[in-house]
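As structure tokens, the structure follows; a few thoughts come after it.
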Amino acid sequence: MIPSASTSFRMADLVRITGIPKETIHFYLREGLLPPAEKTSRNMAWYSDHHVHTLTIIRDLQDQHLLPLKAIKALLYDKENFSFTPAQRELIDRIRKQKLADLAAVSKPGHITVAALAHDMNITPDELAELRKTGMVCSDDHEIPDRDEAEILNLWATIREAGLTPARGFSPRDITFIARAVDRLFEDEVLLFKERLSDLGNQEIAPLLNIVLPSVNRLFALRHERKLNALLEAFGTPQSDSPVPTIKTIPEKNHG
């Protein structure tokens with residue numbers, strides 16, 4: 001059986017484009033956050049652009065706004081029997097005004113290739129090559145970037161346009177430290193979860209993927225933001241002998 005024209009993605013495509021694990025997508029399907037796939041055989045199912053965009057919305061609402069899945073489901077399908085907090089209701093009203101479809105980043109930007117997308121963003125071939133060396137971009141020039149790669153290209157273009165230009169000696173190789181930091185964080189996460197959560201059942205994995213890991217990402221971001229705030233405060237404090245600020249370590253709170 002041939003899939004309809006409105007469906008063009010297999011499960012592997014959803015995973016690659018959105019970065020969401022297969023097990024999590026199956027969980028969303030079971031919980032009704034996603035519409036059913038189009039089954040063409042017992043072991044074959046096809047998904048549409050709507051699935052891609054809905055998955056993008058779910059991830060954005062979890063990562064950026066920390067909404068629980070019940071609230072996201074109510075938001076997606078206009079269910080009014082969920083008790084939202086005032087802050088969640090304000091967010092929902094704002095999103096509805098913007099239309100949910102417009103909230104989702106385009107996961108396959110115009111079906112454009114990596115090289116063409118980079119060119120449109122004024123990213124040079126040398127910069128693109130360096131982004132590949134850092135591991136930030138993995139697709140080759142003729143492939144369509146997934147959602148994360150498209151966002152990474154956009155972020156690098158934004159950073160460069162904000163002033164970190166080649167004329168000042170900056171290039172994508174300068175963000176290699178991000179890859180090193182993420183690798184270290186990931187190694188620590190794997191060690192922690194492997195030691196203590198190796199006996200999790202399938203039903204227990206979904207909360208780990210949907211709640212714990214996004215929360216860890218947010219904790220990492222908050223800690224980084226605090227460090228940056230300390231840096232900005234130091235730059236704002238006049239220094240007696242040197243224009244270079246003294247960066248103080250943020251003191252840890254004593255809970256004892």
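The values are calculated or read from the model by the stated rules, or taken from the named source; none is laboratory data. If you're wondering where the values come from, they're calculated on a predicted model, not measured in any experiment. Backbone-built Cβ (ideal geometry, glycine too); neighbour counts: all protein chains shown. For accessibility, only protein heavy atoms count, side chains too; no ligands or nucleic acids. Shrake-Rupley method; radii C 1.70, N 1.55, O 1.52, S 1.80 Å.
E143 versus (1) of a type outside the set (F, W, Y); (2) within 17 Å of I20 (Cα to Cα); (3) not in a helix (DSSP H, G or I): which is the lone unmet condition?
(2)
Looking only at segment 178-185, decide whether some residue is farther than 30 Å from A116 by Cα and exposed (fewer than 13 other Cβ atoms within 10 Å of the Cβ). Don't jump to the end; show me each part of the working.
First, the residues of segment 178-185 that are farther than 30 Å from A116 by Cα: 184-185.
Narrowing further to those that are exposed (fewer than 13 other Cβ atoms within 10 Å of the Cβ): 184.
So far as segment 178-185 goes, yes, one or more of its residues are farther than 30 Å from A116 by Cα and exposed (fewer than 13 other Cβ atoms within 10 Å of the Cβ).
Can you pull out the strands (runs of 3 or more DSSP E) entirely within segment 2-92 that have at least 1 residues that are at pLDDT below 85 and open to solvent by less than 40 Å² (accessible area, probe 1.4 Å)?
Numbers: elements: 7-9, 38-41, 44-48.
Per the criteria, 7-9, 38-41.
If you check V182 against the conditions, is it modelled with pLDDT of 80 or more and under 26 Å from K22 (Cβ atoms)? Spell out how you get there, then give the answer.
On the way: modelled with pLDDT of 80 or more: yes; under 26 Å from K22 (Cβ atoms): yes.
It is true that V182 is modelled with pLDDT of 80 or more and under 26 Å from K22 (Cβ atoms).
If only one of T124, T113, T134 is more than 18 Å from H51 (Cα to Cα), of a type in the set (S, T, N, Q), within 22 Å of the chain's Cα centre (by Cα) and at pLDDT 85 or above, which one is it? If you could, list the steps in order and put the result at the bottom.
Details: T124 fails: within 22 Å of the chain's Cα centre (by Cα); T113 fails: at pLDDT 85 or above.
Result of the check over T124, T113, T134: T134.
Of the numbered conditions (1) closer than 16 Å to V212 by Cα; (2) in contact with a Leu (Cβ under 9 Å, 6 or more places away or on another chain), D63 satisfies every one except a single condition; which is it?
Result: D63 passes all but (2).
Report yes if L153 is over 30 Å from V114 (Cα atoms), under 17 Å from the mean Cα position of the chain (by Cα) and modelled with pLDDT of 85 or more, otherwise no.
The answer is no for L153.
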